[in-house]
Amino acid sequence: METDVRTEQAPPRRGEASCAWCGRPVDEGSTGRRRRYCRRSCRQRAYEQRRSLLMQDLPEGTVVLTETESADLMDRMFQLRCACEDLDTAIAEGEDPAEVARMSADLVAAARRAERLR
């Protein structure tokens with residue numbers, strides 16, 4: 001007796017997306033339109049910001065950050081650049097592959113943190 005064993009493959013991932021408001025990962029699902037926000041509260045905050053920009057007569061697509069948010073973003077970008085430079089140096093100096101892999105994971109984590117605007 002022969003059984004028909006079929007291995008179901010998961011559908012291809014659509015890629016990791018980040019919330020357009022807070023930068024958290026967004027569960028995209030497998031079908032339909034891609035989600036832009038991780039939760040309803042983020043969608044609401046984005047709507048409120050768009051409305052506020054219209055009331056202030058600022059151009060569409062303008063992002064307003066507080067001084068603290070801007071400083072935090074610049075810090076995360078600096079950390080990202082440092083992680084890139086460290087990885088580049090490690091590769092140039094022939095660092096152990098396990099260490100390069102760890103540094104690469106650190107770089108990805110720094111990039112994810114830098115993605116967040118808020």
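The values are calculated or read from the model by the stated rules, or taken from the named source; none is laboratory data. Note that the coordinates shown come from a computational prediction; the quantities given were computed from them, not determined experimentally. Ideal geometry is used to build each Cβ from the backbone, glycine not excepted, and the neighbour counts take in all protein chains shown. We work out accessible area using only protein heavy atoms, side chains counted, and drop any ligands, DNA or RNA first. Shrake-Rupley method; radii C 1.70, N 1.55, O 1.52, S 1.80 Å.
Details
- Computed on the Cα atoms alone, the convex hull of region 62-118 gives a volume of 63 cubic angstrom per residue.
- For region 22-118: accessible area per residue (Å², 1.4 Å): 75
- In this structure the amide hydrogen of ALA17, modeled in the peptide plane, comes within under 5 Å of the amide hydrogens of VAL26, none closer than 5 places in sequence on its chain.
- Accessible surface ranking for THR89, THR31, THR62, 1.4 angstrom probe, highest first: THR31, THR89, THR62.
- In this view, the solvent-accessible surface of ASP75, computed with a 1.4 Å probe and all protein chains in place, comes to about 90 Å².
- Using 0.36 nm per residue and subtracting the Cα-Cα separation, the extra length available between ASP96 and GLN44 on full extension is 14.0 nm.
- Note that region 16-86, at 25 °C in a medium of 0.890 mPa s, gets a Stokes-Einstein diffusion coefficient of 171 µm²/s from its Kirkwood radius over C-alpha pairs.
- Under the Karplus curve 6.51 cos²θ - 1.76 cosθ + 1.60, θ = phi - 60°, whole-Hz ³J(HN,Hα) for region 106-116, x wherever Gly or Pro sits: 5, 5, 4, 4, 5, 5, 5, 5, 5, 5, 6
- Extension gain for ARG24 to CYS84 (0.36 nm times residue separation, less C-alpha to C-alpha distance): 19.4 nm.
- Once the Cβ-Cβ distance of VAL64 and ALA109 is raised to the sixth power relative to R0 = 25 Å, the FRET efficiency obtained is 0.40.
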